[in-house]
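Before any comments, here is the structure.
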Amino acid sequence: MNKNPFLFGPIVSGDAFYDRVEIEHQLFRAVGSGQNVLLYAPRRYGKSSLVARVVESLRREGRACLYFDMMKVNSLEHFLQSYASAALALKSRTSRSLGALGKFFRGLRPKITIGDQGEPSLSLDFSSPPDTRTLEDVLSLPESLGSPEKRVVVVFDEFQEIGRLSSTLPLERIFRSVIQQQRNVNYIYLGSKTHLLKRMFCDAARPFYQSALVIEMEKPPRDESVAFLRRRFELAGVNVDSGAIESIVDGSENIPYYLQALGYEVCEVAEYSGKDDIGAAEVTEALARCVRRMSGVFETAIEPLSANQRIVLAALAIEPTPRFDEAYRRQHGLPTYTSIMSALKVLEATGLVMSVRKERRVANPFFAAWLREPAFTAS
Ligand SMILES: Nc1ncnc2c1ncn2[C@@H]1O[C@H](COP(=O)(O)OP(=O)(O)OP(=O)(O)O)[C@@H](O)[C@H]1O
Ligand SMILES: [Mg+2]
């Protein structure tokens, strides 16, 4: 067999990336016309890969782009240092002088060190804990690097995480008031905690209310997923029949990450079994291998859950639902409606359960398969 062509985990590009033409076009046009955008989708749908592609096209057009992952910052101080460094790194892609940037540092007392490779790195000296003025100054840095004709593009991935950075400063309000005054920057906000993001952008009481074009990213069209799997198996030199391809789309619930993970495992099954023709039985085996591989992670995930949380999770693994009416509750031996709601709050906050078009379901299809496994084997 040729090398395994499936890739899951990193941001994908080139021929490892498929479909998304329509949403990519929508995003590209919105950013091109100066519109700020919120793009949200549950985990593993391919948000970061899509935006990386759009950013790549914008860079080719000469736009300076800054990608910033809020998940990676653990305090406001950390954010300020990293964001200011990112702006400095971006400066080299623009024609602006260091002086233009310096003007925006006002009271920040930046210290710039030149590394062995000639790369500048930056540390800021500011009062601790940082105050509003410091945050405003740092958020203003990209503004000094762009122009209304050539706006800088800032991508904030997992944007909902700003809520975690400070318990004293009203961060959402400060971010919003700085951003709305800017004319030289375009923002793309990304995130997977869909319930938090929707509240942030669609609740009239919140600062970001109606401040961006909201785009919900859906799963790829099923036929595109099928075509992608065909192309990749052909590249691998593995013959997979149509029924088996459909089973891969079903087993992964057509979520790109799991589709690639299951495709990968099918190739591995073909490799070790030495079979040329792959059917539904081999896909079942590959799915079981994916589930087995992750069972340690699943055990750790359910360990801290209460009895009610586990019961709700198990019910959703068997039957996702938009409502927990009496029939559903009876069928799955569930507690009262109020207890279910408080269990769901935790399950959604930890990302184990997601809500798609109001339907609650277990976010990871391999986890759902693991939860559905019988508690015993008898022979
Ligand atoms: N358009 C695509 N074509 C093929 N595979 C894709 C595509 N988008 C995503 N994937 C698969 O999903 C994986 C995760 O993609 P990505 O990191 O872009 O998703 P995400 O929605 O940002 O995930 P997270 O919620 O974890 O941040 C990739 O490594 C790849 O295997
Ligand atoms: Mg991502």
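Only the coordinates and a few stated rules stand behind these numbers; no lab work does. Quick caveat: nothing in here was measured; it's all calculated off a predicted structure. Glycine also receives a Cβ, built like all others from the backbone with ideal geometry; neighbour counts cover every protein chain displayed.
Over the Cα atoms of region 303-372, how large are the radius of gyration and the largest Cα-Cα distance (Dmax), in Å?
10.8, 29
Taking H as built 1.01 Å from N, whose amide H comes closer than 5 Å to the amide H of Arg360, not counting residues under 5 places away?
Amide H neighbours of Arg360: Thr321.
Please list, ordered by chain and number, the residues whose modelled amide H lies under 5 Å from the amide H of Val240; skip anything fewer than 5 residues away on the same chain.
When sequence neighbours closer than 5 places are left aside, the close amide H contacts are Ile278.
Quick one: longest stretch of the chain between exposed loop GluC sites (Glu not before Pro), exposed meaning at most 16 other C-beta atoms within 10 Å and loop per DSSP?
Answer from the scan: 219-379.
Given a Förster radius of 41 Å and the C-beta distance between Glu234 and Ala327 as r, what FRET efficiency does 1/(1 + (r/R0)^6) yield to the nearest 0.05?
FRET efficiency, Glu234 to Ala327: 0.35.
Rounded if a/c is under 1.5, else prolate if a/b beats b/c, else oblate: with a ≥ b ≥ c from the C-alpha gyration tensor eigenvalues square-rooted, which is region 20-216?
It comes out oblate by the Cα gyration axes.
Restricting attention to the alpha-carbon atoms of the chain, what are Rg (one decimal) and Dmax (integer), both in Å?
In order Rg, Dmax, the Cα atoms of the chain give 23.7, 77 Å.
Counting other beta carbons within 10 Å of each residue's own, what order do Leu139, Leu39, Leu235 fall into, fewest first?
On the way: Leu139 23, Leu39 27, Leu235 15.
In increasing order of surrounding Cβ atoms, one gets Leu235, Leu139, Leu39.
What's the extension gain from Ala89 to Glu303 if we count 0.36 nm per residue and subtract their Cα-Cα distance?
Full-extension gain reported as 72.8 nm.
Relative contact order, percent, of the chain when contacts are C-alpha pairs under 8 Å separated by at least 6 residues?
Computed over the chain, the figure is 19 percent.
I'd like the orientation of helix 280-293 relative to the chain: the angle between its Cα long axis and the longest Cα principal axis, in ° from 0 to 90, rounded to 10.
Approximately 50 degrees, to the nearest 10.
Could you point to the residue in Gly263, Ala30, Ala368 farthest towards the positive end of the chain's charge dipole, with +1 and -1 charges on the Cβ of Lys/Arg and Asp/Glu respectively?
My answer, from the dipole projection, is Ala30.
Please work out the C-alpha center-to-center distance from region 5-50 to region 284-358 and express it in whole Å.
After rounding, the separation between the Cα centres reads 28 Å.
Give me the dipole magnitude in Debye, nearest 20, for region 303-372 about the Cα centre, with unit charges on the beta carbon: positive for Lys and Arg, negative for Asp and Glu.
Around 120 debye, computed over region 303-372.
Calculate how steeply helix 171-181 sits against the longest principal axis of the alpha-carbon atoms of the chain, using the helix alpha-carbon long axis, and give the answer as 0 to 90 degrees to the nearest 10.
60 degrees
Let me know the charge dipole size of the chain about its Cα centre in debye, to the nearest 20, where only the beta-carbon of Lys, Arg (+1) and Asp, Glu (-1) is charged.
Here the size comes out at about 1400 debye.
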